[in-house]
Amino acid sequence: MRFKYLFLLWLLSFMVGCVANETETVPEDANEAYYQSIKHLTGLQHQPRMQKADSAEVIFYDDPDGDPKRYTRFYKSFPTEDSSVIQALKASVDKHFVRIEYPRECRSEGKFYLFADGNPMQTVYFSNRGDSCSHLYFIADGWFFYMDMDSTTVNLINRLKQMATKPEVKDTEAN
């Protein structure tokens, strides 16, 4: 009797192991084929849910270069529902991208969260530190999708940074 249960347990674990191994590995040429099928798209076309964005919060790190392992927790932000700003942010990612496996060396200066009906749609990071470090990027499917930042986007981000404020600190001490 025990032998039957042990055999069934072994058979079940063998079948689960086979299914897990089957789904874990993706052939390298499948990744390349997928990239070839999307490389002609823009960032907005690749992540069409961003089209639905109706609001955003733009975050500017106080000290993006402070700790090399993590970003500072101190920042200024600018929340907006202004449709002209939202359209400009969407247009900034409506460019052809380069997909790479690891993030570039230069640090992000901030990010913007795109929302639709209060639900997060996408996070887009930005950096404007010179020619080799002037870009936007988002992360999808475990890859980094980089787009060049144009002067219109630079001007928009600089304008929003002027209007950004520190988050309100609430007193948590009981009276």
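The values are calculated or read from the model by the stated rules, or taken from the named source; none is laboratory data. Values in this document were obtained by computation on a predicted structure and should not be read as measured data. Note: ideal-geometry Cβ built from the backbone for every residue, glycine included; neighbour counts use all protein chains shown. Side chains included, ligands, DNA and RNA excluded: accessible areas come from the protein's heavy atoms. Shrake-Rupley method; radii C 1.70, N 1.55, O 1.52, S 1.80 Å.
Can you find a residue in segment 157-175 that is surrounded by 10 or more Cβ atoms within 10 Å (Cβ to Cβ) and in contact with a helix residue (DSSP H, G or I) (Cβ under 6 Å, 6 or more places away or on another chain)? No, segment 157-175 has no match at all. Of the residues making up segment 99-142, those that are in contact with a strand residue (DSSP E or B) (Cβ under 8 Å, 6 or more places away or on another chain) and among the acidic types (Asp, Glu) number 2. Filtering segment 124-140 to residues that are assigned to a helix (DSSP H, G or I) and without any contact (Cβ under 8 Å) to a residue 24 or more places away in the chain leaves only ASP131. The C-beta contact set for segment 27-43 (first residue within 23 Å of LEU136 (Cβ to Cβ) and open to solvent by less than 60 Å² (accessible area, probe 1.4 Å), second residue at pLDDT 75 or above and of a type in the set (Lys, Arg), distance under 8 angstrom, 6+ apart or interchain) comprises TYR35/ARG99; ILE38/ARG99; THR42/LYS95; GLY43/LYS95.
Of the helices (runs of 4 or more DSSP H) lying entirely inside segment 20-123, the ones with 2 or more residues being modelled with pLDDT under 85 are found at 28-38.
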